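Read the structure below first, then the notes.
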Amino acid sequence: MKTPIIETKRVILRPITTADAEDAFKNWTSDDRVTKYMRYSSHQSVEDTLEWLKDAENKITSDNQYDWGFVEKASGLLFGSGGLVYNEKQQLFEIGYNIMYDHWHQGYTTEIAGAILSFAKNDLNQKKIYGCHAVENIYSGKVMEKNGFVPTGYDIITNFDGTTKKARTYLLEF
C-alpha cells in the first residue's frame, strides 16, 4: 500500500521525499538536541539527509515501511518525520517519530502518533504495534502512553552507526 496523506487538526502527514532534504536538514536532522535520542547521528550536510530520503523514497511502495513528513497546517512548515517500519525481531510494525526542537512540548507528537496508529489499525488491519525510545527520552514514553501503549520492559537497540543504547519498550494492542 502506498503511503497515504493523513490530516489531523494541526498537521498534514504526507510522504516524505528527496525534495524535503534542505528543510529536514535545517529543521531537525542536523540538530543534536533531536538526534541524541534517535538511531541516527546528526547529519553533517544536506547530502546526508538526501541519502536518507533516497532510501525512504525507494521504500515508498513497500508494505513494510511507511514514512511521512509532518507539515504544520498553519505555516506550511515541514517540522518532522516518522512512520511505521516492520520490525523483524518483534514481528510487528514499530512506530517512530521525530520533530524539530522548537515544536517539542506542544502536543504535536501525540497528535501525529495517534494518526499513524489509526492508519495502522484501520488501513493495515494491525492488532498490535511495537514502540521503543531511548531511556533518557521520557517525553517519547509519555507520547506512547497517551496513545495507549503499555510499557513492557527494556531492550538494547542498535543505532545505524553500530553503537547501542538502552531503550524502553512498549506494546499497543487495539
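The values are calculated or read from the model by the stated rules, or taken from the named source; none is laboratory data. Since we're looking at a predicted model, the values are computed, not measured. Quick reminder, even Gly has a Cβ in these numbers, built from the backbone with ideal geometry, and neighbours come from all protein chains shown. When the accessible area is computed, the model is the full protein with side chains, heavy atoms only, and any ligands, DNA or RNA have been set aside. Shrake-Rupley method; radii C 1.70, N 1.55, O 1.52, S 1.80 Å.
For the condition more than 20 Å from ALA113 (Cβ to Cβ), without any contact (Cβ under 8 Å) to a residue 40 or more places away in the chain and of a type outside the set (Phe, Trp, Tyr), what is the one hit in GLU47, GLU57? Give the derivation first.
Numbers: GLU57 fails: without any contact (Cβ under 8 Å) to a residue 40 or more places away in the chain.
Exactly one of GLU47, GLU57 is more than 20 Å from ALA113 (Cβ to Cβ), without any contact (Cβ under 8 Å) to a residue 40 or more places away in the chain and of a type outside the set (Phe, Trp, Tyr), namely GLU47.
With in a helix (DSSP H, G or I), in contact with a strand residue (DSSP E or B) (Cβ under 7 Å, 6 or more places away or on another chain) and modelled with pLDDT of 95 or more as the only criterion, which of LEU117, LEU171 stands out?
Numbers: LEU171 fails: in a helix (DSSP H, G or I).
That would be LEU117, the only listed residue that is in a helix (DSSP H, G or I), in contact with a strand residue (DSSP E or B) (Cβ under 7 Å, 6 or more places away or on another chain) and modelled with pLDDT of 95 or more.
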Here are the criteria: (1) farther than 14 Å from LEU13 by Cβ; (2) open to solvent by 70 Å² or more (accessible area, probe 1.4 Å); (3) not acidic (Asp, Glu). Tell me which single one SER140 does not satisfy. (2)
Name the pairs whose Cβ atoms lie under 6 Å apart, with the first residue in the range 138-157 and closer than 14 Å to GLU111 by Cβ, the second of a type in the set (Val, Ile, Thr), and 6 or more positions between them or separate chains? VAL143/THR109; VAL143/THR110; LYS146/THR110
Answer yes or no: is there a residue in the range 93-110 that is out of contact with any helix residue (DSSP H, G or I) (no Cβ under 9 Å at 6 or more places or on another chain), exposed (fewer than 14 other Cβ atoms within 10 Å of the Cβ) and farther than 20 Å from TYR170 by Cα. yes
With the structure loaded, tell me whether ILE129 is open to solvent by 10 Å² or more (accessible area, probe 1.4 Å), within 25 Å of SER62 (Cα to Cα) and either part of a strand (DSSP E or B) or among the basic types (Lys, Arg) (or both) or whether it fails that test. no
Of all residues in the range 24-36, how many are within 13 Å of HIS103 (Cβ to Cβ) and either of a type outside the set (A, V, I, L, M) or open to solvent by 60 Å² or more (accessible area, probe 1.4 Å) (or both)? 4
SER75 fails exactly one of (1) open to solvent by 20 Å² or more (accessible area, probe 1.4 Å); (2) touching an Asp or Glu at 6+ places or on another chain (Cβ under 6 Å), namely (2)
Which numbered condition trips up ALA21, out of (1) over 22 Å from ALA134 (Cβ atoms); (2) open to solvent by 10 Å² or more (accessible area, probe 1.4 Å); (3) in contact with a Phe, Trp or Tyr (Cβ under 9 Å, 6 or more places away or on another chain)? (2)
